[in-house]
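Q: Have a look at this one before I ask anything.
Just so you know, all these numbers are worked out from the coordinates, no wet-lab data involved. Keep in mind it's a predicted model, so treat the numbers as computed, not measured. Cβ atoms come from the backbone with ideal geometry, glycine included; neighbour counts cover every protein chain shown.
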Amino acid sequence: MKKWITIWVFLFLIADNQLFANDTTQPKARSTITGTASYYSKKFEGRKTATGEHFHHKNLTGASNNFKLNTWVKVTNIKTGAFVVVRINDRMHRNMKKKGRVIDLTRSAAAKIGILSKGLAKVRVELAEKPSQTSN
């Protein structure tokens, strides 16, 4: 009997872990975060992103571990007020959080908020609507 109880407890723990485990690829949506933005190195051009599409610096996309994939976010340079709306299509390396990074942008997106020369900037990132075709 003790053997069966042990087996049932073990099976319950496995099932409980699978049913209620957090999905690390799709974090809970947050509405606004503040931190440091950076932009991708040129070496990432053409590589696959977390969504499976190929990365291109000309696109207005970004990597974040704080927003769900395919979420649109508005990234505002706190110092200048310049902003850009990008789609989250990739994830950042987990060590980036230790550095205070909240988003990694394409060069095109980084240029729109004026961070190409410095490489980093304090930003506010907030959920946004998908931009209309005419605004890009």
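Q: Taking neighbour counts of Cβ atoms within 10 Å as a proxy for exposure, in what order, fewest first, do GLU53, GLU126 appear?
A: Working: GLU53 12, GLU126 16.
Ranking GLU53, GLU126 by Cβ neighbours within 10 Å, fewest first, gives GLU53, GLU126.
Q: Starting from the Cα of SER117, step 7 Å along the direction of its Cβ; do the same at GLU53; then give the gap between the two resulting points in nm.
A: A separation of 3.1 nm, rounded to one decimal place.
Q: Size of the stretch 51-136 along its principal axes in angstrom, Cα-based, largest extent first?
A: Answer, in whole Å and largest first: 36, 31, 22 Å.
Q: Please state the relative contact order of the stretch 32-130 as a whole percent: Cα pairs under 8 Å, 6+ residues apart? Let's see the in-between values first.
A: Working: 219 pairs, mean separation 42.8, N = 99.
RCO, the stretch 32-130: 43 percent.
Q: LYS68's amide H: which non-local residues (gap 5+, or another chain) put their own amide H closer than 5 Å, with H modeled 1.01 Å from N in plane and none for Pro or chain starts?
A: ARG30
Q: Report, for the stretch 32-130, the % of DSSP beta bridges that are antiparallel, rounded to 5.
A: If I count the DSSP bridges inside the stretch 32-130, around 75 percent turn out antiparallel.
Q: Which value in nm describes the separation of the simple spin-label points at GLU126 and LYS79, placed 7 Å from the Cα toward the beta carbon?
A: 2.2 nm
Q: What's the extension gain from LYS42 to GLN133 if we count 0.36 nm per residue and subtract their Cα-Cα distance? Don't jump to the answer; show the numbers that get you there.
A: Numbers: separation 91, 0.36 × 91 = 32.76 nm, distance 2.65 nm.
My answer for the length gained is 30.1 nm.
Q: Distance from the Cα centre of the stretch 93-136 to that of the stretch 36-83, in angstrom?
A: Measuring centre to centre over Cα atoms gives 6 Å.
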